[in-house]
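Since the structure comes first, as structure tokens, the remarks are kept for the end.
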Amino acid sequence: TGSSRPQRILKAVQKNATKGDPQSVISAIDYYCRHKEWAMNVGDDKGLILDSVLTEVNPSMALELGTYCGYSSVRIARLLSPNSKLITVEFNPAFAAIARQIIAYAGLQDKVTIVEGASGDLIPKMKERFGLKSFDFVFLDHWKDRYVPDTKLLEDCGLLRKGTVLLADNVICPGAPEYLKYVRNNPRYESRYYPSVLEYTKAEDGLEKSVFLG
Ligand SMILES: O=C(NCCCCCn1ccnc1)c1cc(-c2ccc(F)cc2)cc(O)c1O
Ligand SMILES: [Mg+2]
């Protein structure tokens, strides 16, 4: 029984990054996944788009669906203002365990809450669990066939407000065609596509940014 890919990513961070320095954690993961072994982080190309949308929104409460190793959790949390928070949902406990360590290595554990479980079960419990009114920003990066049902669930649970920004990864590769149809043909959303590439490759991919109009 050898190590897992997330365990090898954690080791690369511990070896090559500086504790408490989020940018060095991001760079260490990007270097490892570009030159050693590919992994499904949003990556440095799409990551720059994520950074720019985040800086524009400056969310107080952010939600991420799909933590994996915590790469985008670190990207998001490093840009949050003081007292702003990120809640990130991960279904796979092994992924969550690695992400917790990578987020802590970056020194961002006080800004990030990792919740383990199925997004469909957790979303309806968020208001009571975290005493929050609504999210200012949502990053969708989990199972691509959950993007639509979970967006509808966020609407129905009153977790979106006028102006909440949804940013969806992988709308081209692996693809989220139903999600694109849902947000692009819906008068309650104003959507825009940001073309980019699949992390660490030259394949086409991109992010869809959708503003909830209330
Ligand atoms: O499947 C992806 N992510 C979801 C992982 C599981 C989420 C579990 N979970 C968390 C919370 N609720 C459920 C994904 C896949 C790829 C990809 C692209 C090309 C390829 F050839 C193979 C794979 C690229 C990504 O950027 C991705 O995000
Ligand atoms: Mg992704």
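Derivation of every value follows stated rules applied to the coordinates shown; laboratory data play no part. These figures come from a predicted structure and were not determined experimentally. Positions of Cβ are backbone-derived with ideal geometry, glycine not excepted, and every protein chain shown enters the neighbour counts.
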Checklist outcome for this item: region 178-197 and region 1-77 have their Cα centres apart by a whole-number Å value of 25 Å
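Placing +1 at every Lys and Arg Cβ and -1 at every Asp and Glu Cβ, with all other atoms neutral, what dipole size does region 30-79 have around its Cα centre, in debye to the nearest 20? Kindly include the intermediate steps, with their values, before the conclusion.
Details: 5 positive and 7 negative charges, 23 e Å.
With Lys and Arg at +1 and Asp and Glu at -1, about 100 debye.
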Checklist entry - How large is ³J(HN,Hα), in whole Hz, for each residue of region 135-152 in order, when computed from phi with the Karplus curve 6.51 cos²θ - 1.76 cosθ + 1.60 and θ = phi - 60°, using x for Gly and Pro? => result 9, 8, 8, 10, 9, 9, 8, 9, 4, 5, 7, 9, 4, 5, x, 6, 5, 4
Next on the checklist: To make sure I understand the rule: partners must be lysines, Cα under 16 Å from the Cα of residue 46, and not fewer than 8 residues away in the same chain. Which ones qualify?
Outcome noted: 202, 209
Next on the checklist: From the phi angles alone, apply the Karplus equation (6.51, -1.76, 1.60; θ = phi - 60°) to region 53-60 and give each ³J(HN,Hα) in whole Hz, x where the residue is Gly or Pro.
Outcome noted: 5, 4, 5, 5, 7, 6, x, 7
Next on the checklist: Let me check the size of the chain from its C-alpha atoms; what are the radius of gyration and Dmax in Å?
Outcome noted: 16.2, 51
Checklist outcome for this item: Here the net charge surrounding residue 163, from other residues whose Cβ is less than 11 Å away from its Cβ (Lys, Arg +1; Asp, Glu -1), is 0
Item to check | Residues of type aspartates and glutamates that residue 162 reaches as a straight line, Cα spacing below 15 Å, ignoring anything fewer than 8 places off in the same chain | outcome: 136, 190
Checklist outcome for this item: Given backbone amide H placed at 1.01 Å from N, residues whose amide H is under 5 Å from that of residue 163, ignoring those fewer than 5 places away on the same chain, are 212, 213, 214
Checklist entry - Taking the Cβ of residue 190 as the center, what net charge do the other residues with Cβ under 12 Å away carry, scoring Lys and Arg +1 and Asp and Glu -1? => result +4
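What is the Cα radius of gyration of region 1-73 over 2.2 N^0.38 Å, N being its residue count? Walk me through the numbers before you get to the answer.
Values: Rg = 13.1 Å, N = 73, 2.2 N^0.38 = 11.2 Å.
Rounded to two decimals, the normalised Rg is 1.17.
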Item to check | Farthest positive-ward along the chain dipole, Cα basis, beta-carbon charges - from 77, 173, 143 | outcome: 77
Checklist entry - Given the Cα-Cα distance of residue 129 and residue 14 and 0.36 nm per residue of separation, how much length would full extension add, in nm? => result 38.2 nm
